[in-house]
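Here's the structure we're looking at; comments come further down.
The values are calculated or read from the model by the stated rules, or taken from the named source; none is laboratory data. Since this is a predicted model, take the numbers as computed values, not measurements. Methodologically, a virtual Cβ is constructed for each residue, glycine included, from the backbone with ideal geometry; neighbour enumeration extends over all protein chains shown. For the accessible areas, the whole protein counts, side chains as well, though only heavy atoms, and no ligand, DNA or RNA atoms are used. Shrake-Rupley method; radii C 1.70, N 1.55, O 1.52, S 1.80 Å.
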Amino acid sequence: MANGHSTGGRLAAVLAAAALLLTGCAPTLPTSGEVRSAQVPVGEEYDYGRVAQPPQPGASPEEIIEGFLDAGANAENDHEVAREYLTPDMAERWNPWTQTLVYFEDNISIDAADEDVYRVQLTVDSRVDSTGARTYPGDPNQETFEVEQVDGEWRISEAPDGKILEDGDFNTSYDDYTLYFFDVQQRYAVPDVRWLIRQPGQATELANRVLEGPVPWLAPGVVSAFGEGDSMGSPTVPVNNGVATVDLDPSVIVGASDRDIALMHYQLSMTLHTLRPVTRVELTVGGSPLEVPDPNELPEGERLNIERNPSALERQIGVQGDQLIWQLGEQTSPVASMPDLSEIEPRFPAVSTVAEGDVVAVMDGELNALYHARADSQEPELLVEAESLTRPSMDNYGWTWTATTEDGESTIRAFNYEDPDASSVAVAADFIEGREVTSLRISQDGTRAALVVDDAGVRSLYIAAVVREAGSGAPWNLGQSNRLHPEEHVEIEEVRWSGNDEVVVWQPYDPTDPEADPADLTYVQSIQISGDADAPSPALAAVLNVSVGEGRDTVLFEQQGEGVYQIVGSDIHPQEIDEAVKDLSFSG
């Protein structure tokens, strides 16, 4: 767990781990700091990405600084070529691993500020910290360099730690990797994307980062099999014949139960299997094999039933007239046993994956009231009324979510759909204070919320950790947030999860808004939590709704007066769906 191992099912005795000599095994598990350098094995070539160029004779100070920045994209021998641009003393002191600032081409200048002093000014598109976590500040930044002559050639005598890379060089020299942690009830594996520069020893980097824990913004919403301060016993993770061997410090398994050890193995296996050479992970302690319990032989209540890529339901919920319907491909059928909803004129229904059809969240025709419609009930149950509401989202922990807005300020609310008598929860979220939430969606694993937030007409996309009580799963807070950036011409108001590490954003057309023009163009864009983004869709007009779901390779949109279409790459395909069907949504 994030705060250490569980207390139940302890091993019979405190393990004298350094002396253990146990038989290793690698069971099939159920699935439904600082960067360190490493040397290339003798005779083995490694692709470092960009080829670094050494300083040229007679280069000017500006050319030396520019060459140094470019050479930072190659990590071979701990940035050996980049260090050639530095004085001997600075080459010893420079630490390239603290951060990497990434800028777009032409968003940088190198200017003389004083005698032998230069300013590098740039707009930082993204920043990768020492753990590989990437954020997108989009802020101007200034760094100072000093130069002096060494043997008649200009060299850099003072430089900031870290690297400054153009976006193209960054993409050539860095790769993204997925670490995995768990939701608080250990039902789901939760991805945590990191960016690492190309160099040998990536298995070591990933294992270290798993033990160090999740990125700060995600940490409040997830747990780990490893506790704070846990570390490896050996500084490297060798990979031989597809087998990655992780040596744990003896303190890591002191007091650990069989389930704890199985969970550690599973977490490391999921992460290290993202490396192509790795086919199996073995654990050792003090160099001796550690026996990993077969998860299928654990006691009934301790087995690992962890879903790695939870998917939305295959069929969608929607509205046809005043009736809730299921839409599976081109087949439409009513949701069974629902109460009569004609009085509220239902709009924008939502359903959870785990409570398929038992209860549906639905808005009224005025879009200022939210209801639960339960199977075999006589009438819908009013949850909340407000000046404005976001379209509902239903998680897999028993909660329906919406954001209510009064006088331009939003409150995030959650309603228990399993227990109608339970009190609603006002979910704290400091980063939305004084701003309006226009869209809110909870991931299938329940650990992350995607939000579009409006601040005086400027809209931003955020991913925030959902903090829950471990036992009940009740939400009580949205922790730190991570801001993502769609392309400038992509206006946003709505967001949906399209994968466990990806969301889709768009701006819907509102036919009730007198200022809305149906000819205004809308773009639908997919954005990965890592920050990468797909090219936006073709320009669309009068888009009322977009329907996507995790694990479902389908992007549908509803166009005013034209019906439902599917987006496939840059092509648009009409769907044979009854024209009265609207407000389609995958579960979640």
Would you kindly find the accessible area of D419, with a 1.4 Å probe and non-protein molecules such as ligands, DNA and RNA excluded, rounding to the nearest 10 Å²?
70 Å²
Multiply the residue gap between A470 and E80 by 0.36 nm, knock off their C-alpha separation, and tell me the result in nm, one decimal place.
135.6 nm
Counting only protein heavy atoms with a 1.4 Å probe and every protein chain in place, the carbon and sulfur fraction of the accessible surface of the chain in whole percent equals 42 percent
Using a 1.4 angstrom probe on the protein heavy atoms only, could you order K582, K163 from most to least accessible area?
K582, K163
Could you give the size of the charge dipole of the range 211-282 about its Cα centre, using +1 on the Cβ of each K and R and -1 on the Cβ of each D and E, expressed in debye and rounded to the nearest 20?
320 debye
Here FRET efficiency (C-beta to C-beta, D114 to N141, R₀ 22 Å, nearest 0.05) is 0.70
Hey, can you find the accessible area per residue of the range 61-161 for me, probe 1.4 Å, expressed in square angstrom?
46 Å²
For the chain, calculated [θ]222 nm from helices alone, where every DSSP H run of n ≥ 4 adds -39500 (n - 2.57)
-3000 deg cm²/dmol
Distance in nm between pseudo-label sites at A428 and L382 (7 Å out along the Cβ direction from Cα):
3.1 nm
Pairs of alpha-carbon atoms within less than 8 angstrom and 6+ residues apart define the contacts here; what relative contact order does the range 490-588 have, in percent?
21 percent
Hey, can you find the accessible area per residue of the range 316-585 for me, probe 1.4 Å, expressed in square angstrom?
41 Å²
Just reorder S393, S424 by solvent-accessible area, largest first, 1.4 Å probe, all chains present.
S424, S393
Two-site FRET efficiency, D421 against E300, from Cβ-Cβ distance with R₀ of 25 Å, rounded to 0.05
0.20
Mind checking the dipole of the range 316-585: about its Cα centre, +1 per Lys or Arg Cβ, -1 per Asp or Glu Cβ, Debye to the nearest 20?
800 debye
